[in-house]
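Step one of this worksheet: look at the structure below.
The values are calculated or read from the model by the stated rules, or taken from the named source; none is laboratory data. Owing to the predicted nature of the structure, the values given are computational and were not obtained by experimental measurement. Note that each Cβ is placed from the backbone with ideal geometry, even for glycine, and that neighbours are counted across all protein chains shown. With ligands, DNA and RNA removed, areas are computed over all heavy atoms of the protein, side chains included. Shrake-Rupley method; radii C 1.70, N 1.55, O 1.52, S 1.80 Å.
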Amino acid sequence: MTRRHTPDTPTRSTLGSPRPPRRRVLTGTAAALAAAAGAGTLTSCGSAAAEGTVELDYWLWDANQLPGYAEAIDLFMAQNPDIRVRITQMGWDDYWTKLTASFVAEAGPDLFTDHLGRYPEFLRLGVIAPLGEYPEVAALEEGTFQEGLRELWTGQDGLLYGVPKDFDTIALMYDRTVIEEAGLTPEDLADLDWNPEDGGSFERVLARLSVDENGVRGDEEGFDPEHVAVYGMAADAGIDYTGQTSWSPFALSTGWFFTEEDTWGTRFRYDDERFQQTLDWYFGLVDKGFFPPFGLFGDSSPAQTQLQGGSSAIAVAGSWMIGTYASLEGVDLGIAPLPRGPIGTPMSMFNGLGDSLSAQSEHPEEAARLAAFLASPDAQEIIGGRAVVFPSTPVGTEAAVAAYEEQGLEVSPFTDRVDQGETGLYPLVENAAQIASVLQPVIDRLWMRQTDASAFTEYNEQVNALFE
Amino acid sequence: MSTTAPPRPAAAAPPRRRRRDDTRLALLFILPASIGLLVFLVWPLLTGLYYSFTEYAILTPPQWVGLENYRTLLADPVFWTSLRVTVVYVLINIGVQTVAALLIAVLMQRLTQSTWLRSLVLAPYLVSNVVAAIVFLWLLDSQLGIVNLALQGLGVDPISFWANESWVIPTIALVNVWRHMGYTALLLFAGLQSIPEQLYEAARTEGAGELAMFRRITLPLLRPILALVLIMTIIGSFQVFDTVSVTTQGGPADASKVLQMYIYENAFAQYEFGYASALSVALLLILMVITFAQYWLSRAGQSDLD
């Protein structure tokens, strides 16, 4: 089932797990403070402003991150008694619809969690404001964030349109038991190589792990690729133009990149031979029986469910999913780095969320103060300590790594990519929704094995035409 | 009534005065509905028409571009694809639904008097579109769906109802048939009730069978109602959106991208409200042409009973 065609794939929603409540408003997270402020407003109606209490609205979509942010924002309110923050969380799909509607109605949040696939559009529409001019944000120095994150949130005018709050990278997740049953060890997966011609040792592992309905393995005589019981590599329901947790690690490790520039590129390279070779290899795995055919697994059976149910062996997964995979019952989770590509190293997509300031906010100074606070060591340690995401500053990242370690999870396959500079940025471009719309049919058709990747050349022209 | 008016044609005076009072009262009663009509139908229609001639990104003021959106539309391959997808959907949806509804309506009339049974037929209509779509999304799931389990039990390979280009539109069309056929049947049933019983009695004395009576009496006399029901259901069918939005979002490879889905995508994903308005106007024109043609062809305004 391909879902979420446009504007882009949910990178942070927890598909498959029970949907978070449609809308949960946390009012009065700090009970004492709320009571104090409430008392103030109760006794003399409307005098709250006169007493200097500013109300801010902060929105986010990830339910898993809500507890961490609630705790951090409680601390912020304790340090800033003149500000009250209301946190609103809602699911990924509702989030963007509601955000757009609220901008139209001029009733939106002051500060909100923003995504790279979306903020160029908001920037174009003039609904987010630059943050660099506020002293607290300006004080965040060059080395505050992991390298590259500030770049992702800098507009074409050189101004900062989001304070980086976290980052994510990609690695391989698998069930140790399944690997051992196939006669492999976790060490065998720790240093794989890949190339678009024969797939390298990575494809040999996928072949070993694929099993047909008669119990024949993919690297054995008589394997039936039409009737597969276990696929070597798992597939999520939809694969989009960024390929974040599907084809992008392979394409990036050939030295290919989406556009001619790291950020804000306008010439796309879907016509590049390296890209097309990679995609022909990637979706060619369907013919070999190592990768699920189009539509076999829908939204009801995302990659983690396939791993748990034993219908797929290895998943290319994002760091925001570590907690979800770790809590899969009956799965002895192993994490391995991505395979080394033709350029000699693995390459992960590097993406990060940021807090953006609404241009409609009546209290931009206070909102900027909150944004800066969320990037401060205090807040980053709290959020990292929840072991849900990797916060954007080294301090926060360390806190997260330590918290994962406490749970017995070795997450260096994710953090090594950043430490060793083996990352390619999430495509930060204008017209993201249109690009998704243009490219989705050809990606679907490629997966349905109705065309080959050379078809991208024609669509690449259409994408480039959007920028003329 | 105490009136001091000069003598006039006496008989006409009092009723006329009373009628004038009625007008005021009537206007008062119509007022709330008129406000609703103006605010929620006429005004959006006019603004929609205006926006279709503009480039409008909703957060910035609209800019007049004349016929630009319509030129783009005529040259837009996705528009034509989505129109074709929509027409295929309507053909399957309306074709199956009308036959099924007619069958149910005749069965209701000929076989049962039970109110309970008759209202049961309406049950699917009481379920909202979105809920029906989600239920069928799971029932027809390729991995966990009970339908595919049953098919496997019969030795048939699982079918990706939602992810196969040839299956997806028939699937969506049939889900909506399930949802709407009870309601359509009820409308047709009301039409059947208006056919005089003595016609059937006469036919029976002549020795006509059920099939002959259906062909010679029921169908011809039901024509005006059938035509109206068709006009209504076709308009509704062209506007299919929620089922697609909940299940496939237009995929796979645009195979279920119906016109309304494309309009929605342009407006709310790409912020092209001007172009989306032009697409909506195109849909409006298509529906107007179809409706008038249908009305004229089926002589929906006349009855053969007179």
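Between B:LEU111 and B:GLN152, the modelled labels are 3.4 nm apart [label points 7 Å from Cα along Cα→Cβ]. For B:LEU91 and B:ASP76, the difference between the fully extended length at 0.36 nm per residue and the C-alpha to C-alpha distance is 3.1 nm.
Comparing the full protein assembly with the isolated chain, the residues of region A:111-154 losing at least 20 square angstrom of accessible surface (1.4 Å probe) are A:GLU121, A:ARG124, A:LEU125.
In order along region B:207-222, the Karplus-derived 3J(HN,Hα) couplings, from 6.51 cos²θ - 1.76 cosθ + 1.60 at θ = phi - 60°, round to x, 7, x, 4, 5, 5, 5, 4, 6, 8, 10, 4, 4, x, 7, 7 Hz, and Gly and Pro are given as x. Shielding by partners for B:251-261, please: the mean number of other protein chain Cβ atoms within 10 Å of each residue's Cβ. If you average over the peptide's residues, the count of other-chain Cβ atoms is 5.
Here is the list for region A:425-468: chymotrypsin sites (Phe, Trp or Tyr not before Pro) lying in DSSP coil, each with at most 16 other C-beta atoms within 10 angstrom of its C-beta, are A:PHE467.
Near the amide H of A:GLY354, within less than 5 Å, lie the amide hydrogens of A:ASP114, A:LYS165, all on another chain or at least 5 residues away, with H placed in the peptide plane.
For chain A, the longest principal axis of the Cα atoms and the long axis of helix A:200-209 meet at an angle of about 80 degrees. In order along region A:77-92, the Karplus-derived 3J(HN,Hα) couplings, from 6.51 cos²θ - 1.76 cosθ + 1.60 at θ = phi - 60°, round to 5, 5, 7, 10, x, 7, 10, 10, 10, 9, 9, 10, 10, 8, x, 3 Hz, and Gly and Pro are given as x.
Farthest toward the positive end of the dipole of the protein assembly as shown, out of B:ALA208, A:TYR426, A:PRO377, is the Cα of B:ALA208, where the dipole comes from beta carbon charges about the Cα centre. The C-alpha atoms of chain A define a longest principal axis, and helix A:432-447 lies at about 20 degrees to it.
Partners of A:LYS98 within straight-line reach, counting lysines whose Cα lies under 18 Å from its Cα and excluding those fewer than 8 residues away in the same chain: none found. Residue by residue through region A:380-388, what is 3J(HN,Hα) from phi via Karplus (6.51 cos²θ - 1.76 cosθ + 1.60, θ = phi - 60°)? Round to whole Hz and write x for glycine and proline. Karplus values, whole Hz, x for Gly and Pro: 5, 5, 4, 5, x, x, 7, 6, 10.
Using a Gaussian network model of chain B in which every pair of alpha carbons under 10 angstrom is joined by a spring, one finds that among B:LEU140, B:LEU41, B:LEU219 the greatest mean-square fluctuation is at B:LEU41. When the accessible areas of A alone and B alone are added and the area of the pair subtracted, with a 1.4 Å probe, the result is around 2500 Å², both sides summed.
Farthest towards the positive end of the charge dipole of the protein assembly as shown, among the residues A:ALA129, A:GLN450, B:ILE290, is the Cα of B:ILE290, using unit charges on the Cβ of Lys, Arg, Asp and Glu. Compare each residue of region B:125-157 in its chain alone against the assembly with all protein chains, and report those whose accessible area goes down by 30 Å² or more; 1.4 Å probe, heavy atoms. Hits at the 30 Å² cut-off: B:ASP141, B:SER142, B:GLN143.
Close amide-amide hydrogen proximity is noted between A:THR263 and no other residue 5 or more places distant or on a separate chain, at a cut-off under 5 Å (H modeled in the peptide plane; Pro and chain starts excluded). With the charge dipole of chain A set up from +1 on Lys and Arg Cβ and -1 on Asp and Glu Cβ about the Cα centre, the Cα lying farthest toward the positive end among the listed residues A:GLY238, A:GLY148, A:SER348 is that of A:GLY238. Taking amide H as placed 1.01 Å from N in the peptide plane, the amide H of A:VAL85 sits under 5 Å from that of A:LEU56, each at least 5 places away or on another chain. With the convex hull drawn over the C-alpha atoms of region B:68-214, the volume per residue is 194 Å³. Roughly how tilted is helix A:364-374, in degrees to the nearest 10 and between 0 and 90, from the longest Cα axis of chain A? Here the helix axis deviates by roughly 50 degrees.
If R0 is 56 Å, the Cβ-Cβ spacing of A:ASP191 and B:LEU49 corresponds to a FRET efficiency of close to 0.30. Each peptide in B:198-207, A:151-160, B:286-295 receives the mean, over its residues, of other Cβ atoms within 10 Å, and ordering these scores from highest gives A:151-160, B:286-295, B:198-207.
Other protein chain C-beta atoms within 10 Å of residue C-beta, averaged over A:426-433: 1.
Apolar share of the accessible surface for region A:70-164: 49 percent from carbon plus sulfur atoms, 1.4 Å probe.
Would you work out if region A:318-458 is rounded, prolate or oblate? Take a ≥ b ≥ c from the square roots of the eigenvalues of the alpha-carbon gyration tensor; rounded if a/c is under 1.5, else prolate when a/b is larger than b/c, oblate otherwise. Oblate is the answer for region A:318-458, as a/c is 1.5 or above yet b/c matches or exceeds a/b. Taking Cα centre as origin and charging only the Cβ of basic (Lys, Arg, +1) and acidic (Asp, Glu, -1) residues, the dipole magnitude of region B:68-298 rounds to 600 debye. Pairs of Cα atoms nearer than 8 Å and 6+ residues apart set the relative contact order; for region B:68-298 it is 30 percent.
In terms of the Cα gyration tensor, with a ≥ b ≥ c the square roots of its eigenvalues, is the protein assembly as shown rounded because a/c is under 1.5, prolate because a/b exceeds b/c, or oblate? Since a/c reaches 1.5 but b/c is at least a/b, the shape of the protein assembly as shown is classed as oblate.
Largest GNM mean-square fluctuation across B:VAL78, B:VAL168, B:VAL244, computed for chain B with C-alpha springs under 10 Å, falls on B:VAL78. About its Cα centre, the protein assembly as shown has a charge dipole of approximately 5800 debye under the convention of +1 per Lys or Arg Cβ and -1 per Asp or Glu Cβ, with nothing else charged.
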